[in-house]
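The block underneath contains the structure these notes are about, expressed in structure tokens.
Any read-out appearing in this document is the output of simple, stated calculations on the displayed coordinates, not a laboratory observation. Note that the coordinates shown come from a computational prediction; the quantities given were computed from them, not determined experimentally. Because the Cβ atoms are built from the backbone with ideal geometry, glycine has one as well, and the counts that use them run over all protein chains shown.
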Amino acid sequence: MVKFSANLGFLWTDKTLPEAIKAAGEAGFDAVECHWPYEYEASQIADILAETGLPMLGLNTRKGDLSKGENGVAALPGREGEARGYIDEAIAYAHATSTRNVHVMAGRTDGGDAATKVFCDNLGYAAEVAAKHDITILIEPLNHRDAPDYHLRTVEQAVDLIGRVGANNIKIMFDCYHLQIMQGDLYMQAKNFMDQIGHIQFASVPARAEPDRCELNYPILLPRFYEAGYQGYIGAEYKPTGTTDDSLGWMAAYS
């Protein structure tokens, strides 16, 4: 049986985060995840999670300077202090809310060795701090259309980075939307690297809308991930074409 998480970065964005968590539970989701929850006190989110009984699966480090189009700073040479501040903030928030994963955002780079080294150094730091709280660090390949010049684009590159760092609490955020655009062959990609995958997300391709209007047959694909050994939740990270409540008809295919 597929276990679904609601990504509240895209779903119920007309509500506050506490309201969205409640809405996800009422809609039948098994868990929630978010992007940047920092405008809310961690204690407030911890309380609503306890009230609903929903686990929070993940949150992101900050993007950096949004006015400059930044998309993370962990792979940017010269920004190590800022990157580690964002890492400390995210891990502290995750610990306070019992959130299981922190996605460390790499940022836009030239793809060179200097950026890779900085990213690895910062990931090593993140893994060490996160391990004290039994938190997993995630890294996510993003597609070149939505995230131009993002430092991390393929599963193989993510596997290489994890190997370079050598920490066992760094895993891949396997986002079907991004990886279908970049690589395709999603089942084999997941099967071949299943021991490196920490979380899976999905949305329609190419629109990133409801997952039942798509070039991918998710009712077949998602159960196959579990057949290949996946044991976690699958995050619905799509942008509804109308209201979130009206967009949930796709869930019936998995009941």
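Between K68, K132, K191, the residue with the greatest mean-square fluctuation in the GNM of the chain (Cα pairs under 10 Å linked by springs) is K68. Across the chain, C-alpha contacts under 8 Å between residues 6 or more apart give a mean separation that, scaled by the residue count, equals a relative contact order of 18 percent. Three semi-axes describe the equivalent ellipsoid of the chain; taken as square roots of 5 times the Cα gyration tensor eigenvalues and ordered largest first, they are 26, 22, 17 Å. The relative contact order of the stretch 51-109, computed from alpha carbon pairs under 8 Å that lie at least 6 residues apart in sequence, is 50 percent. Across every pair of non-identical alpha carbons in the stretch 176-255, the mean reciprocal distance, once inverted, gives a Kirkwood radius of 13.0 Å. For the stretch 121-255, the share of alpha carbon pairs falling in successive 10 Å distance bins from zero is 12, 40, 33, 14, 1 percent.
Taking the beta-carbon count within 10 Å as an exposure proxy, list L49, L152 from fewest neighbours to most.
Placing the least packed residue first, the sequence is L49, L152.
Between the stretch 36-71 and the stretch 169-188, what is the separation of their alpha carbon centroids in Å? After rounding, the separation between the Cα centres reads 23 Å. Projecting the Cα positions of I200, L152, L248 onto the charge dipole of the chain (unit charges on Cβ atoms of Lys, Arg, Asp and Glu, taken about the Cα centre) puts L152 furthest along the positive direction. In sequence order, the stretch 43-52 has phi-based couplings of 5, 5, 6, 4, 5, 6, 5, 5, 5, 7 Hz under the Karplus curve 6.51 cos²θ - 1.76 cosθ + 1.60, θ = phi - 60°, and Gly or Pro positions carry x.
Just rank W36, W250, W12, fewest to most, by other beta-carbon atoms within 10 angstrom. Could the numbers behind the result be given before it?
Working: W36 15, W250 18, W12 21.
Fewest-to-most Cβ neighbours within 10 Å comes out as W36, W250, W12.
Report the relative contact order of the stretch 4-61, percent, no decimals, based on alpha-carbon pairs under 8 angstrom and at least 6 residues apart. Computed value for the stretch 4-61: 39 percent relative contact order. This model, with +1 at the C-beta of Lys and Arg and -1 at the C-beta of Asp and Glu, gives the chain a dipole about its Cα centre of some 380 debye. Panel order for I181, I48, by other beta carbons found within 10 Å of each beta carbon, from fewest to most: I181, I48.
Quick check for me: using +1 on Lys/Arg Cβ and -1 on Asp/Glu Cβ, what's the dipole size of the stretch 1-77 about its Cα centre, in debye to the nearest 20?
On the way: 6 positive and 11 negative charges, 56 e Å.
It works out to roughly 260 debye.
Taking A114, A46, A31 in turn, the Gaussian network model of the chain (Cα-Cα springs below 10 Å) assigns the largest fluctuation to A114.
A Gaussian network model of the chain, with springs between Cα atoms under 10 Å, assigns the largest mean-square fluctuation among E237, E227, E128 to E227.
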